[in-house]
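Notes follow once the structure below has been shown.
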Amino acid sequence: MTNNTFLVTGGAGFIGTNFVKFLLNEDAEAKVIVLDALTYCGNIKSLSAEIESHKIEFVKGDIIDRQLVATLLERYTPAYIVNFAAETHVDRSLDDSRPFVRTNVEGTLNLLDCATAQRRAQLENGKESTLRKFVQISTDEVYGQLEIDCPEGAPLSADTLSKLCREDAGVTYGSSAFTETMPLCASSPYSASKASADLLALAYCRSFGLPVAITRCSNNYGPYQYPEKLIPLMINNILLRKPLPVYGRGLNVRDWIYAEDHARGVYAVATAGRVGQVYNLGGYSERRNIDVVKKLINIVASQVDDNAGIDESLISYVGDRPGHDMRYAIDASKAIDELGWRPLTSFDDGLKATVAWYLANRQWLNDIVSGDYLSYYDKMYSNR
Ligand code: NAD
Ligand code: DAU
């Protein structure tokens, strides 16, 4: 019988949750174990249906815990380890980078070490290694920033549109995009910690034969995202008629991808990606931050019963993020050509679905937006 066991670390976070739900839908035979420390952004309620119906096993624990990780590997012998667990917010890494090095570097190193030890023991005992892929979930931020050399936005090339099988006219704000062969050039402590983890993962592949593949994806949005990131933060503030804090002049560009599209890409890399390879994943949906915020104001206003006070007067330009990367854009040709993957959700559809999800799940949001979240918010935004 094929071993379809997935150990998903950080599965109670935003993308991990979307991945677990996608995986269960895609592969009814998959056995899924989620290991998550439930830090401030991990939310067990996001997976309560899957836990209660015994579709997954949930283990609360830290990826840095050697004994725990070794025990889980021995008990479940996963065919796939997918490492989403991380500290992920750039602004927090500027405030205190130590938790980022701890989880993103030392935690990843521990997973690599434990997986290598298991593989070595299996081979030494004349058995086949049970691990088929260790997927390290990285980020496009490891490449640094790109220039904006088309400030008004230029249409995507016909070649790109045909690769994506997309008819809607997308735009790009620059002539370059990140490719997998670009040097790592991280700007923030967050991205530096992710780049370090990438190098360790590739070194474990080369030195010890661990079957590693890496994904580097652009900005995700969708259901279950913690409201410290741009899109859910703005949705929450719009609903509360609170000021919408736009950093700098709001002209920084991000390449947005619906989290379910990312999840499908991660699954493709796990099951069909080549060992030792890096795969970029992106949405081909470049937007300036200010345009995203204005669009959100319109979408929220169109979806709520009472939209009084929901307008652009809520926008508040605030001090810029130190070292703020100007533009991200992904060239995902390698994943598209090799794996047959492509992003399926347009930004307009994805954003409408995301707003609808937050409106339908106000309790999920309200449970977060209290106590610790409010202290965080005051700390981060009071002196901007
Ligand atoms: P998130 O912040 O929503 O969730 C992170 C999860 O990891 C949480 O459930 C948290 O409890 C868990 N976690 C943190 N430290 C842990 C530890 N020491 N041990 C076990 N679990 C721990 O993050 P996300 O946005 O879902 O990002 C997931 C991964 O994808 C990260 O590796 C991130 O770098 C990468 N990524 C994110 C984006 C994005 O736009 N959000 C884009 C590209 C790549
Ligand atoms: O590109 C992938 C990365 O995307 C992931 O690796 C990170 O984990 C994820 O957090 C995200 O990083 P960003 O810094 O791009 O995302 P964030 O949502 O924090 O910010 C998006 C843009 O919006 C960025 O240019 C900063 C700006 N911004 C953000 C917030 C929270 C604002 O203008 N105001 C805000 O309040």
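Only the coordinates and a few stated rules stand behind these numbers; no lab work does. Everything quoted here is computed from the prediction, not taken from an experiment. Glycine gets a Cβ as well: all are built from the backbone with ideal geometry, and neighbour counts include every protein chain shown.
Where does the charge balance sit around Leu239 when Lys and Arg score +1, Asp and Glu -1, over other residues with C-beta under 13 Å from its C-beta?
Charge balance near Leu239 sits at +1.
Region 86-107 and region 295-336 have Cα centres separated by 24 Å. Label sites at Cys150 and Arg75, each approximated as a point 7 angstrom past Cα along Cα to Cβ, lie 5.2 nm apart. Only DSSP H runs of four or more residues enter the estimate; each adds -39500 (n - 2.57), and after division by the residues of the chain the mean residue ellipticity at 222 nm equals -12500 deg cm²/dmol. Each part reduced to its alpha carbon centroid, region 246-261 and region 124-181 end up 15 Å apart.
Please give, to one decimal in nm, the separation of the simple spin-label points placed at Lys379 and Lys45, each 7 Å out from Cα toward the Cβ. Between Lys379 and Lys45, the simple spin-label model gives 2.2 nm.
Span-like helices, the chain: DSSP H, alpha-carbon axial extent 20 Å or more, mean Kyte-Doolittle -0.5 or greater, which ones?
TM-like helix candidates: 108-124, 189-208, 289-303.
Sequence-distant contacts, meaning Cα pairs under 8 Å at least 6 residues apart, place the relative contact order of the chain at 17 percent. Taking every DSSP bridge with both residues inside the chain, close to 15 percent are antiparallel. Using the Cα gyration tensor of region 288-352, with a ≥ b ≥ c the square roots of its eigenvalues, what is the shape: rounded (a/c below 1.5), prolate (a/b larger than b/c) or oblate (neither)? Because a/c hits 1.5 or more and a/b fails to exceed b/c, region 288-352 counts as oblate.
How about region 1-101: which GluC sites (Glu not before Pro) there are in a DSSP loop, with at most 10 other Cβ atoms within 10 Å of their Cβ?
Values: sites: Glu26, Glu29, Glu50, Glu52, Glu57, Glu74, Glu87; in loops: Glu29, Glu87.
Taking region 1-101 and a limit of 10 other Cβ atoms within 10 Å, the loop GluC sites (Glu not before Pro) found are Glu29.
Placing dummy labels 7 Å off each Cα toward the beta-carbon, the span from His54 to Ser316 is 5.1 nm. With 0.36 nm allotted per residue and the present C-alpha distance subtracted, the Arg102-Asp367 stretch has 92.7 nm of extension available.
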